[in-house]
Amino acid sequence: MFWHKAQISDTEKGEVRRWRVGETRGTVVAGGNGQGDRLDQLNTPLFVFVDLDHTVYVSDFGNHRVMKWEEGGKEGTVVAGGRGNGNSLTQLSYPYGVVLDQLSTVYVADGWNHRIMRWPKGATQGSVLMGGNGTGGEANQLYYPRDLSFDRHGNLYVVDNSNDRVQRFNIERSSSLLRLDLFGYRVKS
C-alpha cells in the first residue's frame, strides 16, 4: 500500500487534518472549531483511527471520550466515554490509542485507568477487556497503556508504556465466550 494521505492531529487547535500528497494546508476532518467540549470541538486530540469508509475516530484526551467523525461531517458522535473523567463503565480517563475491529467495536487504551476498554457499536457503556486492577506489572495489570493495534490474525497488541512492554491478547469469540490469552514482550533498553 502506498501512502497518498495522512491524518494529523493538532492538539493546540483541537483538530484533525487530512493531508494528501502535494497539499499545503490539508483539510479539517474532525474538530476545527477551537478547543472545547461541544460535538464540533475536540480538546487535545491525540490518537486517530480511520476505517475503510474514511470515518475518523479520535481519542479526545481532554474530554475523556472517543469521537467518531463521518466523512464530510460538521460534528462528531461520542462512541466511548464522554461522561467526564472517571472509572465507571460509562467513563474514560485520558484516553490514548483507539482502534476498531471488523464489527466496528471500539477498543480504547484508557490511560489513567490503566485498562483497555471495549465498546460495541451503539453501546452506552463499555466493558473492561484488560487491566483496571491498579497499576503494576502483573499479567492482569497495565501501567499507562498508550496504544493498541490488531494484526491480521485478530490478535490485539497493547503498548503498556510504563511497564516497558508490549502485550499480545488472543481474542477468541464465540456466541457467549470471550477467551483472552496473554503473551507479554518486554522492551529491552
Where GluC sites (Glu not before Pro) in DSSP loops with at most 12 other Cβ within 10 Å are excluded, longest remaining stretch of the chain:
72-137
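Given a 1.4 angstrom probe, I'd like the percentage of the accessible area of the chain that is carbon and sulfur, rounded to a whole number.
Working: 4980 of 10400 Å².
Using a 1.4 Å probe with all protein chains present, the chain comes out at 48 percent carbon and sulfur.
Could you calculate the contour length gain from D101 to L39, that is, 0.36 nm times the residue separation minus the distance between their Cα atoms, to one decimal place in nm? Please list the in-between numbers first.
On the way: separation 62, 0.36 × 62 = 22.32 nm, distance 2.40 nm.
Value of the extension gain: 19.9 nm.
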Select one label from [x] 11.7; [y] 14.3; [z] 12.6: the one whose number is mean projected area of the Cα convex hull in nm² as derived from the coordinates shown.
[x]
Toy charge model, Lys and Arg Cβ at +1, Asp and Glu Cβ at -1: segment 5-170 dipole around Cα centroid in debye, rounded to 20, equals 100
Please report the antiparallel percentage of DSSP beta bridges with both residues in segment 5-170, rounded to the nearest 5.
95
On the formula 1/(1 + (r/R0)^6), with r taken between the Cβ atoms of E70 and E138 and R0 of 45 Å, the FRET efficiency rounded to 0.05 is 0.65
Hey, quick one: spin label on T90, modelled 7 Å out along Cα-Cβ, who in segment 40-65 has an amide N within reach, i.e. under 18 Å?
63-65
Within straight cross-link reach of K74, meaning Cα distance under 19 Å, which aspartates and glutamates are found once same-chain residues fewer than 8 apart are removed?
D10, E15, D37, D40, D51, D53, D60
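For the chain, what is the accessible area per residue in Å², given a 1.4 Å probe and the full set of protein chains?
On the way: 10400 Å² over 189 residues.
The answer is 55 Å² per residue.
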Low-density loop cleavage sites - trypsin sites (Lys or Arg not before Pro) in segment 73-145, where at most 13 other Cβ are within 10 Å (DSSP):
K74, K121
On a full-extension model of 0.36 nm per residue, what is the gain between N155 and T27, subtracting their alpha-carbon distance, rounded to one decimal in nm?
42.8 nm
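The values are calculated or read from the model by the stated rules, or taken from the named source; none is laboratory data. No experiment lies behind these values; they were computed from the predicted model shown. As a convention, Cβ positions derive from the backbone with ideal geometry for all residues, glycine included, and neighbour counts pool all protein chains shown. We work out accessible area using only protein heavy atoms, side chains counted, and drop any ligands, DNA or RNA first. Shrake-Rupley method; radii C 1.70, N 1.55, O 1.52, S 1.80 Å.
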